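Since the structure comes first, as structure tokens, the remarks are kept for the end.
The values are calculated or read from the model by the stated rules, or taken from the named source; none is laboratory data. If you're wondering where the values come from, they're calculated on a predicted model, not measured in any experiment. Neighbour counts run over all protein chains shown; Cβ positions are idealised from the backbone, glycine included. We work out accessible area using only protein heavy atoms, side chains counted, and drop any ligands, DNA or RNA first. Shrake-Rupley method; radii C 1.70, N 1.55, O 1.52, S 1.80 Å.
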Amino acid sequence: MDGKAAPNGVATIEDRILRITGYYGYYPGYSSQKSASRSSVIQCKPGGNCPSRHRGMTRQLSPLTVAEDSAAPILELQNRSPSGICRHSRVERQSRSEEGTQTHTENSSQEAEGQTRCQSCTSTFLKLIWRFLIILSVSSSWVGTTQFVKITYETFDCPFFMTWFSTNWNIMVFPIYYSGHLATTQEKQSPIKKFRECSRIFGEDGLTLKLFLKRTAPFSILWTLTNYLYLLALKKLTATDVSALFCCNKAFVFLLSWIVLKDRFMGARIVAAIMAITGIVMMAYADGFQGDSIIGVAYAVGSASTSALYKVLFKMFLGSANFGEAAHFVSTLGFFNLIFISVTPIILYFTKVEYWSPFSAVPWGYLCGVAGLWLAFNILVNVGVVLTYPILISIGTVLSVPGNAAVDLLKHKMIFSVVRLGATIIICIGFLLMLLPEEWDEITLRFINSLKEKKSEDHADDITDSSVHTRSRSRANGTVSIPLA
């Protein structure tokens, strides 16, 4: 084994070590060249003059030292190779990437949750604005109608003609509804097809001549009576008093529904009905049960009664209706009014009950204002019931009372007596009691029980916190507190 190859062709020990360790740059004659270079190294005897002492340090090579020398670059290459380069750095990069991914996921989930909350808050805010606008529109349209009637009376004292003229405008309700249908719906229907579809409110066969006369005639008469009596009441009373008395129709609806439709009995609504009757009596007593006051109160109460009867009969015979069916029905009432009730103002004109001369003296601007605001009120009532809660429409109606009071106080310089003011407040409170849901008592009990449970939980938490604080303080003082049984 002195540098020559073995008989079986195996290289020297050095070649074998280099081949096993995989030294980079190894080739088969490497060991022979190394042995040759090793033989050129001068072996110095002890005590002799060794030339390497003058040239530099001499190193005696052995197979073990060769293996160490050959293993050094291998370790260096392993540390620098792509597979072995910085295994620690790869682990660190992987952990950093996992941490970054987790952080990015958490950030994205937090951003998504924040966007969802923002969208929900925005939608809730828009819904609140939309409902507030509906309440304000209903209230302002009814206040405007009442005040326009009072202004029209200054130059044109014909309440039935105003009622007839305003009711004719109801014909436009269904065309307005169909225009909205074309603007908002992708699957558009022809006017005839939509008209037949909405005619199902009269029955499966649609609107026939018999049903037109049978179903439309009583409702048209009640509609005309309601509006006519309301206008007559405005001739005798202020707008505030008439609008407050008209709010009693809610109590009359409950009484009629309880008697005719066998609706559920509610003590709160009975109290509201009693308050409404009390307010009516106080309103009539304000001027001593005499003069125009008692007549105006009778007209207003009659208008509220016919309005309640209209609503109860509608629920009895026609049931509930969507916006299209309600628009179709209101337009049918206007059409019936134009055909069959047009004879009434003509008779009143020639009998000089409602006479005007000349014809050009008719204040068409005020009449169109009254009719337009009345039409807007009817559309808002029907649209609001479909798009939002019916209670909001009722709130908009009762808000017309303070609205008319503000106009009467600022424009007409009205002075309200204590009795009239008290009657108005009592009627409005009774109206608000009518808006309570049927399960209001159960809802109230649940709310009270939830408050009691929450208070008990908070009290238990306070007791626990105080006991923990007491124990910590007693332990700090070297004593232990023992709770009594």
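What does the highest-first list of 317-325, 177-185, 269-277, 217-225 look like by mean Cβ count within 10 Å? Don't skip to the end; give the middle numbers.
On the way: 317-325: 15.4, 177-185: 13.6, 269-277: 20.4, 217-225: 18.6.
The most tightly packed comes first, giving 269-277, 217-225, 317-325, 177-185.
Please give the net charge around residue 250, taking every other residue with its beta carbon less than 11 angstrom from that of residue 250, where Lys and Arg add +1 and Asp and Glu add -1. Mind showing how you got there, number by number?
Values: positive: 269, 311; negative: none.
Taking every other residue near residue 250 into account, the sum is +2.
Between beta-carbons, use under 12 Å as the cut-off and find the net charge around residue 417, counting Lys and Arg +1, Asp and Glu -1. Could the numbers behind the result be given before it?
Working: positive: 420; negative: 241, 287.
Net charge around residue 417: -1.
Database remark: amide H of residue 260 closer than 5 angstrom to no amide H (H placed geometrically; neighbours at sequence offset of 5 or more, or on other chains; Pro and chain starts carry no H).
What does the C-alpha gyration tensor say about the overall shape of the range 310-451? Classify as rounded when a/c is under 1.5, otherwise prolate if a/b is larger than b/c, or oblate.
On the way: a/c = 2.65, a/b = 1.44, b/c = 1.84.
Judged from the Cα gyration tensor, the range 310-451 comes out oblate (a/c at least 1.5, b/c at or above a/b).
Working note: Debye formula, equal point scatterers on the alpha-carbon atoms of the range 320-395, no solvent; log10 I(q)/I(0) at q = 0.16, 0.20, 0.24 Å⁻¹ is -0.79, -0.99, -1.15.
Report the extension gain between residue 418 and residue 113 in nm, rounded to one decimal, defined as 0.36 nm multiplied by the number of residues separating them, less their alpha carbon distance. Show your work: numbers first, answer last.
Working: separation 305, 0.36 × 305 = 109.80 nm, distance 5.59 nm.
Length difference between fully extended and current span is 104.2 nm.
Expressed as a whole percent, the accessible surface of the range 386-425 that belongs to carbon and sulfur atoms is 80, based on a 1.4 Å probe. Looking at the range 252-366, the accessible area is 51 square angstrom per residue; that uses a 1.4 Å probe and ignores ligands, DNA and RNA. Over the range 173-229, accessible surface divided per residue gives 63 Å², non-protein components excluded, 1.4 Å probe.
Dimensions of the range 243-314 along the principal axes, based on C-alpha atoms and rounded to the nearest Å, stand at 39, 25, 17, largest first. The charge dipole of the range 178-321, taken about its Cα centre with unit charges on the Cβ of Lys, Arg, Asp and Glu (plus for the first two, minus for the last two), comes to roughly 520 debye. Is the shape of the range 129-245 best called rounded, prolate or oblate, per the rule: a/c under 1.5 gives rounded, else a/b larger than b/c gives prolate, else oblate, with a ≥ b ≥ c the square roots of the Cα gyration tensor eigenvalues? Since a/c reaches 1.5 but b/c is at least a/b, the shape of the range 129-245 is classed as oblate.
Could you tell me whether the range 182-234 comes out rounded, prolate or oblate from its Cα gyration tensor? Rule is a ≥ b ≥ c as square roots of the eigenvalues, rounded for a/c under 1.5, then prolate if a/b exceeds b/c, otherwise oblate.
Details: a/c = 4.74, a/b = 1.67, b/c = 2.83.
Verdict is oblate for the range 182-234.
Charging the Cβ of each Asp and Glu at -1 and of each Lys and Arg at +1, and nothing else, the dipole of the range 406-445 about its Cα centre rounds to 620 debye. On a C-alpha basis, how far is the centre of the range 411-453 from the centre of the range 219-279 in Å? Whole number, if you could? Centre-to-centre (Cα) distance: 16 Å. Peptide packing: for 409-422, 155-168, the average count of neighbouring Cβ atoms within 10 Å per residue gives the ranking 155-168, 409-422, highest mean first. Between their Cα atoms, which of 236/413; 235/352; 236/262; 311/411; 235/262 are more than 26 Å away from each other? Cα-Cα > 26 Å for 236/262; 311/411; 235/262; rest within.
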